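The values are calculated or read from the model by the stated rules, or taken from the named source; none is laboratory data. The shown structure was predicted, so the numbers you read here are calculated from the model rather than taken from an experiment. Every residue, glycine as well, gets a Cβ built from its backbone with ideal geometry; the counts of neighbours run over all protein chains shown.
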Amino acid sequence: MTALVLLWQLFSTFVIIGLFSYGGGYVMIPLIQREIVVHHAWLTPGQFMDIIGVAEVTPGPVSINSATFVGYKVAGVAGSLAATLGVILPSLVAIMTLAYFAVQFAGSAEMAGLFYNIRPVVVVLIFTAAIVVGRTAIVDLKSLLVAVAVLALLQTKKISPILILLGAGLLGIVIY
Amino acid sequence: MKSQEQNQAESCDRLCLQSIFWSFFRVGAFTFGGGYAMLPIIQRELVDRRHWLDTKQFMDCLAVAQAGPGAIAVNTAIFTGYKMMGITGVLAATAGVVLPSFLIIVAIAATLNVTTPPEPLIKFFLGIRPAVVALIAGAAFNLGRIVLLDSHCWMVAGLALLGSAIGVHPALLIAGAATYGVLRARLEGWQVKKP
């Protein structure tokens, strides 16, 4: 019985985290910390820092990683499932609603105008993301050279981004 | 009794669901650095490899993904899955994109008590970070070339840049541009042929 209550608490807490994590990734770290460390005291601040560290060096969205990790630490695999389902539920509801309308009104003049105007905004958001990530990632001459080299490579050849990431990682082991 | 055609349609659906699942599994497995880092990977997978979306549809998908709460990779999976195969598509794509993280993190949480990553792994990620920046910047240039076609688009982009520089929330920027776009289409009486 108490196990079920705990799972429900995990699920509902991560629904709230998922709901308010607009802008993705790092925006939600303070929110997760407040809910998990301060409010529920499921983890110590030190454990929480470890989770963020692990989430950064493993693939996948930070939100999913931290939900899975916190869920496991609190209630095992069932906890992982409860927290992960919770954190993606708001996305499922919101995006499926938007997708429903996008499909319903596809081909209308309004929808064409809407997307025509949104596309430049998306380009700008990606551009600013590059600047934001760049500020923390390009810290010395080595990292600048890697970034420039990859950019040049992208302009000249169509290489899989997965190969580029693996190559850059191996290069990192050599030069750092 | 099912007819042969029904059987064929079902196996076709199953194939399609499988490729949706594995495509997003690959996206989930190689999304390092969060947020926008996986854009080039998704683009490569959905646009270049599978031809499920063209570049403009890909951007529309990103716009919707950013207008909702949650991770962009997950939202993109949900939207693409829905557009391709409805609810079952959503389930396949979402399971695909979430599963790599889920399995890796459960494995780490189950085996490691001390969660300090080993030295070579840290160096590996030091190398990956600047490459991620280049991939994101490359995506911005790449998509900008396709989208910024006329002075109106440049004006919208300029306003968005200004807005994000003074800290306006991305979802608000998208909502604003969307509203303006709908009004403009109404006022100017755009005609679009039905597909």
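Which residues, counting only those in region A:113-134, are more than 7 Å from chain B (Cβ to nearest Cβ) and at pLDDT 85 or above?
Within region A:113-134, A:ILE131 is the sole residue that qualifies.
Among the residues of region B:132-144, are any more than 7 Å from every other protein chain (Cβ to nearest Cβ) and surrounded by fewer than 24 Cβ atoms within 10 Å (Cβ to Cβ)?
Scanning region B:132-144 turns up at least one residue that is more than 7 Å from every other protein chain (Cβ to nearest Cβ) and surrounded by fewer than 24 Cβ atoms within 10 Å (Cβ to Cβ).
A:PRO30 passes all but one of (1) of a type outside the set (A, V, I, L, M, F, W, C); (2) crowded, with 17+ Cβ neighbours inside 10 Å; (3) modelled with pLDDT under 85; which number fails?
The failed condition is (2).
Which pairs have Cβ atoms under 9 Å, sit 6 or more apart or on different chains, and link a residue in region A:145-169 that is more than 7 Å from chain B (Cβ to nearest Cβ) and within 13 Å of B:PHE141 (Cβ to Cβ) to one that is modelled with pLDDT of 80 or more and part of a helix (DSSP H, G or I)?
A:ALA152/B:ALA134; A:GLN155/B:GLY138; A:GLN155/B:PHE141
Restricting to region B:49-91, count the residues that are buried (at least 20 other Cβ atoms within 10 Å of the Cβ) and hydroxyl-bearing (Ser, Thr, Tyr).
Residues meeting the conditions: 3.
Return the residues of region B:167-186 that are within 7 Å of chain A (Cβ to nearest Cβ), of a type in the set (A, V, I, L, M) and farther than 15 Å from B:LEU62 by Cα; say none if nothing qualifies.
Those that are within 7 Å of chain A (Cβ to nearest Cβ), of a type in the set (A, V, I, L, M) and farther than 15 Å from B:LEU62 by Cα: B:VAL182, B:ALA185.
State yes or no: is B:ALA63 without any contact (Cβ under 8 Å) to a residue 60 or more places away in the chain, out of contact with any strand residue (DSSP E or B) (no Cβ under 6 Å at 6 or more places or on another chain) and at the interface with chain A (Cβ under 7 Å from one of its Cβ atoms)?
No, not satisfied.
Hey, could you check region B:12-67 for residues that are in a helix (DSSP H, G or I) and of a type in the set (S, T, N, Q) and say which is farthest from A:ARG119 (Cα to Cα)?
If we take residues in region B:12-67 being in a helix (DSSP H, G or I) and of a type in the set (S, T, N, Q), then B:GLN18 is farthest from A:ARG119 (Cα to Cα).
I need the full set of residues from region B:13-48 which are free of Cβ contacts under 8 Å to residues at least 12 places away in the same chain and of a type in the set (Lys, Arg), in order please.
Within region B:13-48, B:ARG14, B:ARG44 meet the criteria.
Output yes when any residue across region A:35-57 is surrounded by fewer than 16 Cβ atoms within 10 Å (Cβ to Cβ) and either under 29 Å from B:ILE87 (Cα atoms) or facing another protein chain (nearest Cβ under 7 Å) (or both), and no when none is.
yes
Quick one: which helices (runs of 4 or more DSSP H) lie wholly within region B:81-195 and hold at least 3 residues that are at pLDDT 90 or above?
Fully inside region B:81-195 and qualifying: B:151-165, B:170-187.
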